[in-house]
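**Q** Before I ask anything, let me first share the structure, which is written out below as structure tokens.
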Amino acid sequence: MQRIIDGWHSPSLNKHMDIVSYGHYGFPLLLFPTAAADFLEYERFNLIDSIYPFIDSGKVKVFSINSINQESWLNRDMHPMYRALRQAQYNQYIEDEVIPYIWNSCQGRLGIITCGASLGAFHCANQLFRRPDIFDGMIAMSGGYDIKMYSYGYYDDNVYFNNPVDYIPNIQDDYNLGLLRSKQHIHIVTGQGDYENPDASRRLADILSAKGIPHELDLWGYDVRHDWPTWRQMLPHYLDSRF
């Protein structure tokens, strides 16, 4: 399996950002780390090993990037205004830097599927619903989709436009709504065991249903907990059965 570590100084974030890719061919899958983790987290916790057959066969080419959650939503020493601003800068980094990198690596403007677990699921959903012109779908595992829990009552445009449960109901323009209604791969999956929050997935699914946006809500069992063994089962299952 081809594995390439790369990186550059990001003008959007004013810091060095790393990226790793796995595979040589296939549709691009962009992974967002959980919580405060880095671009190699999915490798360390053997999720990359769990999807190795799909990478090695050329079905999927995987890209994993750093989070900046410690500099934004998880930084309690920073005013929420600046946490939300840092998220907006992260969006710019993804749109202006990561996406062109992926397209160059894949030698074409291929549709990108976002993916992530836990806080990474929030990021993968937020990127898709903000920019359905760039992303083709998502596999969101064990996520929460209301970022206000990290803004502690503070609210501005940067919070609103990065909070899917707030801005999706207000999408009215035919262009973006039409793009979202054309997606075939909006997968919201969660366990119902320890530390999972299936109601967060149900809430997002209800919002999408109200907007006529097709999606799949998949609730796994009450013995399925918020942990890596769960995600090492979920992602191979979806790559095998849905793509």
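**Q** Looking at the structure I just gave you, is A84 at pLDDT below 95, under 22 Å from M149 (Cα atoms) and in contact with a helix residue (DSSP H, G or I) (Cβ under 7 Å, 6 or more places away or on another chain)?
**A** No; evaluated as a whole, the condition is false for this residue.
**Q** Give the residue, chosen from S57, S10, S50, S21, that is touching a strand residue (DSSP E or B) at 6+ places or on another chain (Cβ under 6 Å), within 20 Å of R232 (Cα to Cα) and of a type in the set (S, T, Y).
**A** The match here is S21.
**Q** To continue, here is another question. Looking at (1) surrounded by 19 or more Cβ atoms within 10 Å (Cβ to Cβ); (2) touching a helix residue (DSSP H, G or I) at 6+ places or on another chain (Cβ under 9 Å), which is the only condition M234 fails?
**A** Here M234 clears every test but (2).
**Q** Quick check on my filter: what residues within segment 63-96 are closer than 14 Å to F39 by Cβ, under 16 Å from the mean Cα position of the chain (by Cα) and in a helix (DSSP H, G or I)?
**A** Hits for segment 63-96 are N69, Y90, Y93, I94.
**Q** State whether the residues of segment 1-18 include one that is more than 19 Å from the chain's Cα centre (by Cα), of a type in the set (V, I, T) and farther than 16 Å from I99 by Cβ.
**A** There is at least one residue in segment 1-18 that is more than 19 Å from the chain's Cα centre (by Cα), of a type in the set (V, I, T) and farther than 16 Å from I99 by Cβ.
**Q** Which residue out of Y160, Y101, Y154, Y145 is of a type in the set (S, T, Y) and either crowded, with 24+ Cβ neighbours inside 10 Å or within 12 Å of the chain's Cα centre (by Cα) (or both)?
**A** Only one candidate passes the filter, namely Y145.
The values are calculated or read from the model by the stated rules, or taken from the named source; none is laboratory data. These numbers come from a predicted model, not from an experiment. Here the Cβ is made from the backbone with ideal geometry for all residues, glycine too, and neighbour counts use every protein chain on show.
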